[in-house]
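Only one structure is covered here, and it is reproduced in the block below.
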Amino acid sequence: MNTNKQTVVTAAFPFIPAELCIAHIASTYLPADIFHRFECLRGVNSILVSATDVHGLLAKKELSQAQMSSQELMQSWHRRYINEFSMLGIEFSHYGRTDAKALKELVYQSLHTLKEKGLITQREAFDYMCSDCGEMLPRRYRLAVKEMAATGKEKIAYDDLDNDNLQCRFCGSRNVTKSSKPHWFLDLQKGLPAIQENIDKQKNNQVSTQLKAAISDGLADWNISRDNYMGTKLPFSDEQSLYLWYESLIGYLYLAECENKYSNFEFKHFIGKNIIYYHGVVWPYLLHCGAERNDSEIQISARGFLDMEKTDSTLIDIQSITSNYDRDYIRFYLAYRTPDSLSDYYFNQEDFSNTINQIFCNQFGSFFRRCISILKKNQVEQVLPTELTNTPWETHWPLIENALSQMLVRSALLHIQSYIKACGTVIEDMSIYRTPTKASLGLLSDLFIKALFLLTPICPTRVQDFNIINGLDLSRLRSHEDCVGLPLRNSMARWEKID
Ligand SMILES: [Zn+2]
């Protein structure tokens, strides 16, 4: 095994029967995919992983209503997710399932370790069950009050334990019974040093602020056992299953170890803002205290929610948006518009068209066309050497790398846009179009090639339209000297505007 660290970029697992839409792509899967491609571009040893979460209460409910076996159900959702990711060019190094045998082994090992350390103990806790539909009701599925707000939207207040007026969120019944039975609890408070250390290392201020607030009053025990559940059986219980979040988090380690090449990992997690607690409190605890991977590190990048009410319906469904637009146009727009913060956001059709037409086609596309036309006009047949410094690159590349070190994808794209603008200024100032020299044409090819490299992680397919350099692989950054002498093809593309 290699003792070097491997970067493991992860995207939170879709769980059956969650329907993926553009909101999930924008907040999680696309930033993860783009970030991973940038890591590869920079020569970092990186993999991109995720998995279908096949367990849980909702998967069990879905199975009870489906006319198929659990394997068929899992496989059909699994295939569907894979298909939707590929429609947007999201390419995982590994995409697994949470019922994998090797994952179960890791889960059992870590559970035994935690139990031996006295960190998992059994005690009585309350269970809630709906007498009408028979479902077990975890907190999110018990309502204390359900009423309509003025907007016509359902206003939900979840119960606190004292409230006797509970309602089942599945069927609406008020026949909710409460009973006490033994459950298995993880003592999170005892792992506080490992959790605290991980919080201190977070580079994202919003994430670390939220995590500090979450641990400031001490950590409650975490109930990891579930009754009447679709999941992995607990090794030290005859009938109870393991809560799916435990398995999903250990799932990151399982996916990282699939190739069995490395033992130390730098996890880079892309998630929605609602699951920061699991990734920033529970996961470092499981990784360090349970799985005992003390040299592995965790960084979290979280994003807000897409406001579905404000977003045009044409931009939400994956099938319909990808049948209407080139997937790299969609990737560009989502990367350009999704904030690198916990703030919510929305997309609209007019802004989509304007961004594609004015920024993607006019700024980026026209820059590439301009470079190619100058090279053609001067009959440049191969990449020329130059003594001139690529000043836009010297200025903007450190800013791009700095944004990436904080996992800020939109910020990186905005710096790339500034790089393109700065290149345009250089072409004007040096009058490369009107009075070219051999050295300035060499510089022009460097400005051009670097722009191709920078846009590749965001639009890997469309950028090839302008890659007129034979033998140039755009997925891995090369110095200009290394590109000198590569032959140029005679071709010219255009990115078509949209209505
Ligand atoms: Zn019910």
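The values are calculated or read from the model by the stated rules, or taken from the named source; none is laboratory data. Remember, it's a predicted structure, so these values are computed and weren't measured experimentally. Virtual Cβ from ideal backbone geometry, glycine too; neighbours counted across all protein chains shown. Calculation scope for accessible area: heavy atoms of the full protein, side chains included, ligands and nucleic acids excluded. Shrake-Rupley method; radii C 1.70, N 1.55, O 1.52, S 1.80 Å.
Of note:
- GLN122 touching a Pro at 6+ places or on another chain (Cβ under 9 Å), open to solvent by 60 Å² or more (accessible area, probe 1.4 Å) and either more than 16 Å from the ligand (Cβ to nearest atom) or modelled with pLDDT of 95 or more (or both): yes
- Applying the criterion of at least 3 residues that are over 28 Å from ASP217 (Cβ atoms) and without any contact (Cβ under 8 Å) to a residue 24 or more places away in the chain to the helices (runs of 4 or more DSSP H) found wholly in segment 278-388 leaves 318-324, 349-354.
- Residues in segment 19-48 that are open to solvent by 20 Å² or more (accessible area, probe 1.4 Å) and either part of a strand (DSSP E or B) or among the hydrophobic types (A, V, I, L, M, F, W, C) (or both): CYS40, VAL44.
So that you can scan it fast, the table gives a plain yes or no per residue for (1) at pLDDT below 95; (2) open to solvent by 80 Å² or more (accessible area, probe 1.4 Å); (3) at positive phi:
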position: ASP465; (1), (2), (3): no, no, no
position: ASP473; (1), (2), (3): no, yes, no
position: ARG476; (1), (2), (3): no, yes, no
position: GLU481; (1), (2), (3): no, yes, no
position: PRO487; (1), (2), (3): no, no, no
position: GLU496; (1), (2), (3): no, yes, no
position: ASP499; (1), (2), (3): yes, yes, no
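- Within segment 244-262, tally of residues that are open to solvent by 40 Å² or more (accessible area, probe 1.4 Å) and not in a helix (DSSP H, G or I): 5
- Some residue of segment 126-134 being in a strand (DSSP E or B), modelled with pLDDT under 95 and away from the ligand (no atom under 16 Å from the Cβ): yes
- Of the numbered criteria (1) of a type outside the set (Lys, Arg); (2) open to solvent by less than 10 Å² (accessible area, probe 1.4 Å); (3) part of a helix (DSSP H, G or I), the one ALA51 fails is (3).
- Of all residues making up segment 165-217, the number that are away from the ligand (no atom under 16 Å from the Cβ), of a type in the set (S, T, N, Q) and surrounded by fewer than 16 Cβ atoms within 10 Å (Cβ to Cβ): 6
- Options ALA451, ALA422: the member that is among the aliphatic types (A, V, I, L, M), assigned by TED's automatic domain parsing to the domain that holds ALA335 and free of Cβ contacts under 8 Å to residues at least 60 places away in the same chain: ALA422
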